[in-house]
Amino acid sequence: MKRFAPLLFLCGLFLLSIEGVAHDYHASITDIRYNPKTQRLEVAIKVFMDDLEEALSRKSKAKVVYSNSEQVQQLLQAYLRRHLVFEQEKGKPLQQHFLGSEAETDAVWAYVEVPVPDARRPLLVHNTVLMELFDDQMNIVNINSKGKTNSLLFQQYDREKKVDL
């Protein structure tokens, strides 16, 4: 898998950089940087805005249009806590601190920080973002730690992976 990491990273950037074009593919990209000084994961996730609006609308059972309103940000925060989970001990999610989000032309970037109690222990990553909407959803996660980047690919039946920091 490591030899495909650069290819996955480039494909993800390409897929998510196309703006203003209706998409026939369903993908998200998550960039994670472990900061040893703060002992935190610094997480940025990019998703297509229309897909995110659909997911939030289904969850809230009302039409959601992305904005920086408190209500939409709370929905987004709750969504990420459920669909992007980090653990070091099975069944015990690490606490997420939602920092906010911002819109691009047709995408949304959301930002969270996650304290990591012990960077020597492996990190279990669960990524089910938008998988409840699309059978072909792909979530690419790039984790940068100690100057190295590991890329992980999450698909419908492959929703959790373990990685060393």
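If I compute Cα Rg over 2.2 N^0.38 Å from the structure I just sent, which labelled value in (1) 1.20; (2) 1.00; (3) 1.26 lines up?
Derived directly from the coordinates: (2).
Assuming R0 = 25 Å, can you tell me the calculated FRET efficiency for the pair Gln39 and Gln74, based on Cβ-Cβ distance, to the nearest 0.05?
Once rounded, the FRET efficiency stands at 0.40.
Which of Val125, Ser60, His83 sits closest to the plus end of the dipole of region 2-163, meaning its Cα is farthest towards the positive end, when Lys and Arg get +1 and Asp and Glu get -1 on the C-beta?
The listed residue farthest towards the positive side: Val125.
Could you please report the charge total around Leu124, scoring K, R as +1 and D, E as -1 over all other residues with beta-carbon less than 9 angstrom from its beta-carbon? Could you put the intermediate results ahead of the total?
On the way: positive: Lys90, Lys161, Lys162; negative: Glu87, Glu89, Glu160.
Spelling it out: positives minus negatives among the neighbours equals 0.
Once R0 is set to 35 Å, what does the formula 1/(1 + (r/R0)^6) return for the Cβ-Cβ distance between Asp118 and Lys63, expressed as a FRET efficiency to the nearest 0.05?
Efficiency for this residue pair is about 0.25.
Which one, His97, Ala44, Thr30, projects farthest toward the positive side of the charge dipole computed for the chain from Cβ point charges (K/R +1, D/E -1)?
Towards the positive end, the residue furthest out is His97.
Using +1 on the beta carbon of Lys and Arg, -1 on that of Asp and Glu, and nothing else charged, what's the dipole of the chain about the Cα centre, debye to 20?
920 debye
No lab work stands behind these numbers, since they all come straight from the coordinates. On a predicted model such as this, the values are computed, not experimentally measured, just so you know. Positions of Cβ are backbone-derived with ideal geometry, glycine not excepted, and every protein chain shown enters the neighbour counts.
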